[in-house]
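Single-structure report; data block below.
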Amino acid sequence: MTNTEMAVLRFSGRRLPRSLASVRVHDVDGPADIDAAIDGVSRAVVVGTDADLAAVLTRLMRTERLDVEVAHAPGWRAARRARIGVAQRVPLIRDESGTVVVSAALWLPPGAGQVIHGEAVVDDEVLFDGEVTGVRIEPTRTMPGLRATVLTGRTRRRWLTGRAAQLGTTGARVVRDGVPADREVKRAALYRHTTGWLRVS
């Protein structure tokens, strides 16, 4: 992979790892910056958080550019791998709004001390029916694409794997990769996109 085939997308003015110093750098403040940075490149290196990586993948999905290899370099150790690593296609998980999730999504009660009233299913299997304190959904690197669990105080959790997780509720808050959504929802869904993304590792 040559320097001309790669671009670094730097978020929030983060310090650039030395091993990426010779690669073209784009400072990203919004979707237009992402589109400009990935134009004509075959590999994008994201220097930022999980939410920043999700933002890049969301743009690649919406602009049908999932042929671009994507490396995440949140720290110094990952920067070298971002340059020389091999890309493999892994499941891409999105929600009903067309926003990608790369680390985890949470369905939480609408307020402190409350619970979620409703039902959640993973594919055709019931995750819960009634009241819970929260749900965590994580993308997986292999098919079928995601796993979900009810948040409890226990150390052992029951995980369900599947292609999609869906929630119907009287009210819940959604947090994607650590970023809370703007409004409370009564329905939410996460599911595997038709095309995976090329993860560099």
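Excluding ligands, DNA and RNA, the accessible surface per residue across segment 76-117 is 51 Å² with a 1.4 Å probe. On the basis of the beta-carbon distance and an R0 of 22 Å, A51 and R183 show a calculated FRET efficiency of 0.80.
For T152 and E131 in one chain, what is 0.36 nm times their gap in residues minus the Cα-Cα distance, to one decimal in nm? Each step should come with its number before you reach the end.
Details: separation 21, 0.36 × 21 = 7.56 nm, distance 1.17 nm.
Gain on stretching T152 to E131: 6.4 nm.
The distance between label points at R65 and S97 comes to 2.2 nm (points 7 Å beyond Cα on the Cα→Cβ vector). For W197, the accessible area of its heavy atoms, probed at 1.4 Å with every protein chain present, is near 30 square angstrom.
The residue list W107, A79, S97 was ranked by how far each Cα lies along the charge dipole of segment 65-110 toward its positive end, using unit charges on Cβ atoms, and A79 comes out on top.
Could you tell me whether the chain comes out rounded, prolate or oblate from its Cα gyration tensor? Rule is a ≥ b ≥ c as square roots of the eigenvalues, rounded for a/c under 1.5, then prolate if a/b exceeds b/c, otherwise oblate.
Working: a/c = 2.24, a/b = 2.03, b/c = 1.10.
Judged from the Cα gyration tensor, the chain comes out prolate (a/c at least 1.5, a/b above b/c).
Considering the options I34, S19, L66, tell which one lies farthest towards the positive end of the dipole of segment 1-79, charges being +1 on Lys and Arg and -1 on Asp and Glu at the Cβ, about the Cα centre. Result: S19, furthest along the dipole toward the positive end.
Taking only protein heavy atoms and a 1.4 Å probe, the accessible area of the chain is 46% carbon and sulfur. Close amide-amide hydrogen proximity is noted between A172 and V185, each under 5 Å apart and 5 or more residues distant or on a separate chain (H modeled in the peptide plane; Pro and chain starts excluded).
Can you tell me how much longer the chain between A32 and R77 gets when fully stretched, taken as 0.36 nm per residue apart minus their C-alpha distance, in nm with one decimal?
Working: separation 45, 0.36 × 45 = 16.20 nm, distance 2.86 nm.
Length difference between fully extended and current span is 13.3 nm.
A simple spin-label model places the labels of V25 and V115 5.1 nm from each other, with each point 7 Å out along Cα-to-Cβ. For the pair T170 and R18, what calculated FRET efficiency results from E = 1/(1 + (r/R0)^6), where r is the Cβ-Cβ distance and R0 = 45 Å, to the nearest 0.05? With R0 = 45 Å, the Cβ-Cβ based efficiency is 0.30. Looking at segment 116-161, the trypsin sites (Lys or Arg not before Pro) that sit in a DSSP loop and have at most 15 other Cβ atoms within 10 Å of their own Cβ are R141, R154, R156, R157, R158.
If each residue of separation counts as 0.36 nm, what is the full-extension length gain between R163 and R89 once their alpha-carbon separation is subtracted? Display every interim value, and only then the final one.
Details: separation 74, 0.36 × 74 = 26.64 nm, distance 1.59 nm.
Result for the pair: 25.1 nm of gain on full extension.
Among R173, R94, the order of accessible area from largest down is R173, R94, computed with a 1.4 Å probe on protein heavy atoms.
With Cα atoms defining each centre, segment 1-65 and segment 127-201 are spaced 26 Å apart in the structure. Over the chain, what is the percentage of antiparallel beta bridges among all DSSP beta bridges, to the nearest 5? Around 75 percent antiparallel, to the nearest 5.
The values are calculated or read from the model by the stated rules, or taken from the named source; none is laboratory data. The structure displayed is predicted, hence computed values, not measured ones. For neighbour counting, all protein chains shown are included, and Cβ atoms are generated from backbone atoms with ideal geometry for every residue, glycine included. Please note that ligands, DNA and RNA were not included when accessible areas were found on the heavy atoms of the full protein model with its side chains. Shrake-Rupley method; radii C 1.70, N 1.55, O 1.52, S 1.80 Å.
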